[in-house]
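A short write-up of the structure that comes next.
The values are calculated or read from the model by the stated rules, or taken from the named source; none is laboratory data. Note that this is a predicted model, so its numbers are computed, not measured. Positions of Cβ are backbone-derived with ideal geometry, glycine not excepted, and every protein chain shown enters the neighbour counts.
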Amino acid sequence: MSDLLASAYPWIKSLHIMAVISWMAGLFYFPRLLVNHVERVDPTGLLNETYQNMEMKLFKVIMQPAMIATWIFGLCLVFTPGIVDWSMWWPWVKAVSVIAMTIFHEWLGKRRKDFVNGSNKLTGRQYRLMNEVPTLLMVLIVVSVVVKF
């Protein structure tokens with residue numbers, strides 16, 4: 001199995017990077033969509049249904065598969081011999097950051113359901129603040145992987 005992972009390494013890494021880009025695009029855009037939803041949409045109008053449909057498609061059709069692919073290809077990279085040195089700090093920082101990103105992803109999914117149920121309690125400002133979470137985690141992940149401290 002490790003020989004297969006080693007020979008497929010460039011392909012796995014490429015697929016991992018593409019999945020990460022797709023997931024991050026969704027994580028950056030989804031909170032902005034929620035800001036506009038809470039600030040500009042009447043909860044009883046047709047536009048509310050339109051936003052809910054856009055949010056559902058972004059989350060379920062793009063973000064969810066991209067997150068799963070990121071995890072699958074990322075774990076393949078972890079199990080490829082010679083790629084990760086667990087005696088260093090960087091893989092631990094990346095692992096914790098990716099877990100935090102996944103928790104944030106699930107949190108966004110719950111907020112989407114709040115809009116569906118008509119129970120959203122957060123303001124546009126709160127969603128704007130939450131929009132910074134993926135940026136901070138991305139910085140930690142990229143710096144840890146590239147610098148390898």
Can you list residue pairs whose Cβ atoms sit under 7 Å apart, with the first residue in the stretch 3-19 being farther than 21 Å from residue 64 by Cα and of a type outside the set (Ser, Thr, Tyr) and the second being outside any helix (DSSP H, G or I) and modelled with pLDDT of 90 or more? Count only pairs 6 or more apart in sequence or on different chains. 5/79; 5/80; 6/80; 6/81
Residues of the stretch 7-46 being closer than 22 Å to residue 125 by Cα, crowded, with 18+ Cβ neighbours inside 10 Å and under 13 Å from the mean Cα position of the chain (by Cα), in sequence order, are 24, 26, 27, 30, 31
Select from the stretch 81-112 the residues that are among the charged types (D, E, K, R) and under 14 Å from residue 148 (Cα atoms) and write down the one among them that is surrounded by the fewest Cβ atoms within 10 Å (Cβ to Cβ). 85
With respect to the numbered conditions (1) of a type in the set (A, V, I, L, M, F, W, C); (2) closer than 21 Å to residue 56 by Cβ; (3) at pLDDT below 95, which one is the sole condition not fulfilled by residue 149? (2)
Quick one: residue 53 ticks every box in (1) over 30 Å from residue 75 (Cα atoms); (2) modelled with pLDDT of 95 or more; (3) touching a helix residue (DSSP H, G or I) at 6+ places or on another chain (Cβ under 8 Å) bar one, so which box is it? (3)
Selection status of residue 39, in contact (Cβ under 8 Å) with a residue 60 or more places away in the chain and either acidic (Asp, Glu) or assigned to a helix (DSSP H, G or I) (or both): yes
Under 9 Å by Cβ, and 6 or more places apart or on different chains, what pairs join a residue from the stretch 57-86 that is of a type outside the set (A, V, I, L, M, F, W, C) with one that is outside any helix (DSSP H, G or I)? 80/8; 85/148
Please work out if residue 66 is buried (at least 17 other Cβ atoms within 10 Å of the Cβ) and under 21 Å from residue 10 (Cα atoms). yes
Please specify each residue of the stretch 71-91 satisfying the condition of being under 18 Å from the mean Cα position of the chain (by Cα) and not in a helix (DSSP H, G or I). none
The residue from 57, 121, 94 that alone is assigned to a loop (DSSP other than H, G, I, E, B) and charged (D, E, K, R) is 121
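Over 20 Å from residue 66 (Cα atoms), surrounded by fewer than 16 Cβ atoms within 10 Å (Cβ to Cβ) and more than 16 Å from the chain's Cα centre (by Cα): is that true of residue 115 in this structure?
Details: over 20 Å from residue 66 (Cα atoms): yes; surrounded by fewer than 16 Cβ atoms within 10 Å (Cβ to Cβ): no; more than 16 Å from the chain's Cα centre (by Cα): yes.
Judged against the criteria, residue 115 is not a match.
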So is residue 58 modelled with pLDDT of 95 or more and touching a Phe, Trp or Tyr at 6+ places or on another chain (Cβ under 7 Å) or not? yes
